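Laboratory data are not the source of any read-out in this text; all were calculated from the coordinates shown. Source: prediction; values computed, not measured. Counting neighbours? That spans all protein chains shown, and the Cβs are built from the backbone with ideal geometry, glycine included.
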Amino acid sequence: MMKMKTQVKIVAVLGLALIAGLSSCKKDEDLVDTPQPTYNEPEVITTMTLTFVDDAGVQPNVTATFRDPDGDGGLGADIFDTIRLQNNTVYSCTITLLNETVTPAEDMTTEVLAEAAEHLFCLSPAGADINIVRTDSDGTYEIGQTSQWTVGAVGNGTTLITLKHQPGGIKDGTCAPGETDIEVNFVTEVQ
């Protein structure tokens, strides 16, 4: 009789262990089948070049570049141009981005435009008489890789250009959500 009770207890313990093992296997399978969120790292951008073309075709083209070839936290910029524009002129502006921490340099403009629904250029003049309007779109919201700059009276100021990375459907047409990929505050002169 004693032997029978011991065998029943052993069978009961083994049964519980088997059930616990099967349920833990099920949980592991559930974890494998559950899609995990993906994280898209912000782009590495070392160089930003702005190219301005006079819409009337009268003024010469203007280029302004910020270049920090060793990236954030290194030695600092080796090129940091001033934006110099002619008063009472309308310019079309195109922004080009590079990652020069790799060889050959990587054209990051292409990647930003391929992920246009996750990127927004914020263009903020201060002090200078300039009105900026983004002229491109991802189909829902503006991007700002191309823009129109209407330049008014002579004067000086700055233009803050920020590329926001807004993944996962958080892009809402404003500069509030997301992480900053690059931010450059150009001294701006209207001549």
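In this structure, residue 102 and residue 148 have a Cβ-Cβ separation that, at R0 = 35 Å, corresponds to a calculated FRET efficiency of about 0.60.
Computed packing ranks the peptides 114-125, 166-177 as 114-125, 166-177, most packed first, by mean other Cβ atoms within 10 Å. For segment 105-119, putting each phi into the Karplus relation 6.51 cos²θ - 1.76 cosθ + 1.60 with θ = phi - 60° gives couplings of 4, 9, 7, 7, 4, 4, 5, 4, 6, 5, 10, 4, 5, 10, 9 Hz, in residue order, rounded to whole numbers and with x for Gly and Pro.
What the pair-distance distribution of segment 84-186 shows, using all Cα-Cα distances binned every 5 Å from zero, is 2, 12, 21, 23, 17, 13, 8, 2, 0 percent. Extending 7 Å from the Cα toward the beta-carbon at both residue 158 and residue 113 defines two label points whose distance is 3.0 nm. Across segment 89-104, coupling constants 3J(HN,Hα) worked out from phi with the 6.51/-1.76/1.60 Karplus curve, θ = phi - 60°, read 9, 10, 10, 9, 10, 10, 9, 10, 10, 10, 10, 9, 7, 10, 10, x Hz, and Gly and Pro carry x. When 160, 50 are arranged by Cβ crowding within 10 Å, least crowded first, meaning fewest neighbours, the order is 160, 50. Each peptide among 71-82, 102-113 gets the average number of other Cβ atoms lying within 10 Å of its residues, and from highest to lowest they stand as 102-113, 71-82.
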